[in-house]
There are 2 protein chains.
Amino acid sequence: MARNNLTAKGEVMSVDSRRPRVGVIGTGAIGGFYGLMLARAGYDVHFLLRSEFEAVAREGLQVNSAVHGDLHLKPVQAYRSAADMPPCDWLLVGTKSTGNAALGPIISQAAAPDAKVLLLQNGLAVEDQLRSVLPDSLHILGGLCFVCVNRVAPGVVAHEAFGAVSIGYHSGPAGDEASRMAVVEACSELFKTAGIDAPVMANLQQARWQKLVWNVPYNGLSALLHTSTSQLMTDPDSQALIQALMDEVVQGAQACGHALPPGFAQHLFTVTQSMPDYRPSMYHDLVEKRPLELEAIYARPLAAALAAGFDMPRVRALYQALAFIDRANRSANEE
Amino acid sequence: MARNNLTAKGEVMSVDSRRPRVGVIGTGAIGGFYGLMLARAGYDVHFLLRSEFEAVAREGLQVNSAVHGDLHLKPVQAYRSAADMPPCDWLLVGTKSTGNAALGPIISQAAAPDAKVLLLQNGLAVEDQLRSVLPDSLHILGGLCFVCVNRVAPGVVAHEAFGAVSIGYHSGPAGDEASRMAVVEACSELFKTAGIDAPVMANLQQARWQKLVWNVPYNGLSALLHTSTSQLMTDPDSQALIQALMDEVVQGAQACGHALPPGFAQHLFTVTQSMPDYRPSMYHDLVEKRPLELEAIYARPLAAALAAGFDMPRVRALYQALAFIDRANRSANEE
């Protein structure tokens, strides 16, 4: 573990600047996978857990990866409370976007004074929401994960394919473009030295729209139709529906000023066809009776596109159907 | 029972013209309800059954009606095969529209030479399909049932609300408008004397579009979201989706030359709000792993509207989602 030192100003700094301290807020499939990969590369990684604390403290973290083989981290620097975590230089946030409003005090407690917070979530404007509950001194970065991971048991993650994280600067103390890019480059470097592809994104908003072209059809339809990508990709009707939804998201992005590369939707469609069978997170959220991430993935993009003059009728219909099952699912959970 | 007589021409006629013989093809919820109501009014009614023959032959037909009380018909003139039925003056067809292509020989065997066939199904162009498999000598009428009925056990139907059948002439030997209206009026009279409201429709096609304004949202969403009308009518998102789907169907009808009365969709919406809780037939078809009536209720209206220059994007998305679950449902049935 890196030792800490109090400076004259009372700030807590890492002694070894080449070994930054990383905190993982929300050690589910995403946080568990990337956190373990960084720890494996030698970084000083601390994991905040809730329901799985006991299991991980006792058994460690396990990633069964189709790419990297079976990986095990034990012991794990695991915490029940952010107040017990040492100040971290980097914070990877892998919680559900449905809980972002409550993240302010948690992140602040675990953050070094000028920490960089990388938000590993899907959807639109998730960083804006986090910004409103964090001090100005913290950098916020957005990270888009192109990875197929699932939590299969407490502390056990199945990594099925891919792994890249695209990173962009959102807001914070970096005043000019050069400083912002320096932070993003440092973050990218962190992942790259852990063997993870980490492209730098010049335009975070555009990248979030690009990710939505995948998430809107596949996350929603996997939950609504209770199915997986390979089933969706072998049925002619769901194929046509996916393409129509993708086209609407591309037009929504365009209306919001983000012209996506030509053929981008078709590219994602083709990639998904050759991907191993996968059940996106929204499917698992539904089955495990967690709230669905409808605000970030549907409601905000719909509102943004509508404000720019473009309604997405099929996306809205899908959203309304999902909102219905989400409400029924939550009340079932309360029973 | 009315006795039959061979005329000089060899045609089989009912002796008592005021007591027509009625055959019910498909004794499910619809056929069972209307057939029992007609038998109760004194008509000579014969029921064709398949899987429920034994139960109905033994126990009779039961309609537990919220409107008329508990009704029981026993013995029932029940048949396993149309070949065993006496020639019927009227044939009420209450089978699923998914089986229409196979109805030709069945109806022909049970029909008196100039029989009137009343098709009690939802969807578009169901009569066209039947016309192609029936001899020209038979009249085809279309009937739109505004009734909440469900088959709850073999030979047992729950009648929850309403009951009207709107009737229009489709095709057959009636050469001019006056002859066509005479047949429709006679059919209407048949039902009215049995205590069933039976308005005459001047325009069958327009009436079918009007019925679709209800069937498209409620049948499909009850199956897709695995729910009932009252749940759909208390959730703000499903309410909005229902209204958007209704609006599209109204526009589709308009494109096809059928301008529906102003406020018609809102009227249906309001009626459904005050209706007892109801699970439409498509819900039951899904649960009981029967084919869904997607061709008549979705594919044909979509094709007709598109041919007239109007796509119905939300209706198409709903159809594609239903086609996916229908396919999965049928293959589950084969397992």
Treating only the Cβ of Lys, Arg, Asp and Glu as charged (+1, +1, -1, -1), what charge dipole size does the stretch B:189-335 show about its Cα centre? Round to the nearest 20 debye. 220 debye
Sum of -39500 (n - 2.57) over DSSP H runs of 4+, divided by residues of chain B (222 nm, nearest 500): -13000 deg cm²/dmol
For the stretch B:80-159, what proportion of DSSP beta bridges, expressed in % and rounded to the nearest 5, is antiparallel? 30 percent
Centroid-to-centroid separation of the stretch B:255-315 and the stretch A:22-72 [C-alpha atoms, Å]: 50 Å
Please state the charge dipole magnitude for the protein assembly as shown, taken about the Cα centre, from unit charges on C-beta atoms (+1 on K and R, -1 on D and E), reported in debye and rounded to the nearest 20. 540 debye
Specify whether the C-alpha gyration tensor of the stretch B:165-251 places it in the rounded, prolate or oblate class, a ≥ b ≥ c being the square roots of the eigenvalues: rounded for a/c under 1.5, otherwise prolate if a/b is larger than b/c and oblate if not. prolate
Summing Lys, Arg as +1 and Asp, Glu as -1, what charge do residues with Cβ under 10 Å from the Cβ of A:Cys148 carry, A:Cys148 excluded? -1
So, taking all protein chains as they sit and a 1.4 Å probe, how much accessible area belongs to B:Lys192, in Å² rounded to tens? 100 Å²
Not counting ligands, DNA or RNA, and with a 1.4 Å probe, what is B:Arg279's accessible surface area in Å² rounded to the nearest 10? 80 Å²
For B:Met181 the rounded accessible area (nearest 10 Å², probe 1.4 Å, non-protein molecules ignored) is 60 Å²
To the nearest 20 debye, what charge dipole does the stretch B:247-329 have about its Cα centre, counting +1 at the Cβ of each Lys and Arg and -1 at the Cβ of each Asp and Glu? 120 debye
Between B:Arg50 and B:Asp176, what FRET efficiency follows from the Cβ-Cβ distance if R0 is 41 Å, with the result rounded to 0.05? 0.60
Specify whether the C-alpha gyration tensor of the stretch A:225-326 places it in the rounded, prolate or oblate class, a ≥ b ≥ c being the square roots of the eigenvalues: rounded for a/c under 1.5, otherwise prolate if a/b is larger than b/c and oblate if not. oblate
Among the lysines in the protein assembly as shown, how many pairs, 8 or more places apart or on different chains, have alpha carbons under 28 Å apart? 25
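The values are calculated or read from the model by the stated rules, or taken from the named source; none is laboratory data. Quantities reported herein were computed from a predicted structural model and do not represent experimental measurements. Ideal geometry is used to build each Cβ from the backbone, glycine not excepted, and the neighbour counts take in all protein chains shown. The accessibility values were calculated without ligands, DNA or RNA, using every heavy atom of the protein model including side chains. Shrake-Rupley method; radii C 1.70, N 1.55, O 1.52, S 1.80 Å.
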